[in-house]
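Note sheet for the following structure.
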Amino acid sequence: MLKNISKILLSTTLALGSLGLHANEVTLKAVSAFDLDTHMSHRFKSFVDKVNEEGKGLVQIQIVGGPESIPAFEVGNAVRSGVVDLANSTGSFHANLVPEGLAMFITDRSIQELRENGGHALMDKIHQDKANMRWFARVRDGMQFHIYSNKPIDSTNLKGFKLRSAPVYLAFFRSLGATPLQTSPGETYTALERGVVDGYGWPSAGLFDLGWQEQTKYRVDPGFYNVEVSIFFNKDSWNKLNDEQRAFLQKQAEWIESTNKDDLVLTEDEKRKQKEAGIETIALPKDVADELLNKAYTSGWESIYKVSPDNAPELERLFGKGQS
Ligand code: 173
């Protein structure tokens with residue numbers, strides 16, 4: 001009899017327990033601006049896997065899709081309006097909403113340094129004010145962009161070059177005299193194949209994901225800027241979470257950011273693979289390289305000053321010029 005009662009009590013507690021757990025659990029909807037099975041989404045997927053593993057009963061994240069469900073340049077709007085709760089994306093893709101976001105690239109300070117010196121807080125506030133979103137976690141830090149080309153390059157005069165572009169490269173490519181043509185990553189292969197562009201901007205990693213090595217003769221060194229990919233949160237979705245859920249997610253953000261240094265290994269691996277695939281390195285001589293970098297950083301900051309004269313000086317103080 002006693003045994004039966006304790007059995008009933010136990011099962012009731014379990015039932016209530018799971019009911020309680022269930023009532024507290026929230027499932028957040030997420031999208032990635034990059035194809036889900038490519039490098040630019042890998043680290044986001046690791047983050048989601050860990051959250052779903054450790055956050056049972058508290059927070060779960062459901063990835064609804066990649067750019068096939070919401071086009072890359074629309075992801076910012078989807079986060080702003082709450083169509084999704086969070087996204088793996090980049091400030092380059094929502095530069096129309098937060099033009100100051102380009103400072104996240106034009107920096108040689110790590111996300112840990114920016115959290116320490118207030119740079120992250122300022123950029124997060126600008127995102128909240130202008131786009132109803134939070135700069136939640138940076139998942140790519142320390143990798144650089146390059147110009148990839150099918151025509152040789154030996155100077156900083158790229159007049160007559162048509163380069164596939166995205167907002168992050170726009171000011172820089174114009175400063176070289178090139179004609180930028182904006183395409184999403186998914187449209188770039190066709191643009192190259194048809195000869196619509198002579199080259200493109202892209203990070204050190206990820207060419208093979210998209211098959212671009214087949215359409216690429218040269219990579220120009222040096223690289224420039226600091227590739228930024230981040231998780232952005234809809235502000236209202238974030239505010240709706242309870243303290244425990246927020247603290248848990250914050251801890252996971254800290255974890256994923258602590259693994260950003262793996263980018264350096266990935267960069268080396270990918271450059272080796274590019275060489276093996278027959279992509280030649282154009283190593284610009286020092287004077288041309290200096291001029292190229294000077295144009296990249298100067299034009300980038302100029303564009304921020306132009307669109308946001310009020311925020312630019314403080315951003316530049318906190319993010320640095322980007323060139324150490
Ligand atoms: O499309 C791009 O080249 C771009 O803006 C970008 C930004 C971050 C990572 C990868 C690509």
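The values are calculated or read from the model by the stated rules, or taken from the named source; none is laboratory data. Predicted model, so just to flag it, every value in this text is computed and none were measured. Quick reminder, even Gly has a Cβ in these numbers, built from the backbone with ideal geometry, and neighbours come from all protein chains shown. The area values use the complete protein model at the heavy-atom level, side chains included, leaving out ligands, DNA and RNA. Shrake-Rupley method; radii C 1.70, N 1.55, O 1.52, S 1.80 Å.
Here is how the numbers come out for the structure above:
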| quantity | calculated |
| --- | --- |
| The chain - charge dipole about Cα centre, Lys and Arg +1 at Cβ, Asp and Glu -1, debye rounded to 20 | 420 |
| Heavy atoms of PHE44: accessible area, 1.4 Å probe, square angstrom to 10 | 0 |
| Kirkwood hydrodynamic radius over Cα pairs of segment 206-324, then Stokes diffusion coefficient at 4 °C and 1.567 mPa s, in µm²/s | 71 |
| Rg to Rh quotient for segment 17-174, alpha carbon positions, Kirkwood Rh | 1.03 |
| Two-decimal ratio, segment 132-173, of alpha-carbon radius of gyration to 2.2 N^0.38 Å | 1.62 |
| Residue range of the chain that is longest and free of trypsin sites (Lys or Arg not before Pro) which are both DSSP loop and sparsely packed (at most 15 other C-beta within 10 Å) | 57-158 |
| Of LYS235/LYS306; LYS56/LYS251; LYS29/LYS240; LYS162/LYS295; LYS29/LYS50, those spanning more than 21 Å from alpha-carbon to alpha-carbon | LYS235/LYS306 |
| Square roots of 5 times each gyration tensor eigenvalue, C-alpha, the chain, largest first, Å | 42, 22, 17 |
| Table column - 3J(HN,Hα) (Hz), segment 137-152, Karplus curve with 6.51, -1.76, 1.60, x for Gly and Pro | 8, 8, 10, 8, 7, x, 8, 10, 8, 9, 8, 9, 9, 9, 10, x |
| Amide H contacts under 5 Å for THR179, placed H, 5+ residues apart | GLY160, PHE161, LYS162, LEU163 |
| Residue-span extension gain [VAL196 to SER46] - 0.36 nm each, minus C-alpha spacing | 50.4 nm |
| Qualifying GluC sites (Glu not before Pro) for segment 52-92 [loop in DSSP, other Cβ within 10 Å: at most 15] | GLU68 |
| The chain, accessible surface, carbon-and-sulfur percent (1.4 angstrom probe) | 53 |
| Per residue accessible area in Å² of the chain, where ligands, DNA and RNA are left out and the probe is 1.4 Å | 46 |
| Distant alpha-carbon pairs in segment 42-116 (separation over 22 angstrom), percent | 38 |
| By accessible area with a 1.4 Å probe, ligands and nucleic acids excluded, highest first: order of GLU193, GLU116 | GLU116, GLU193 |
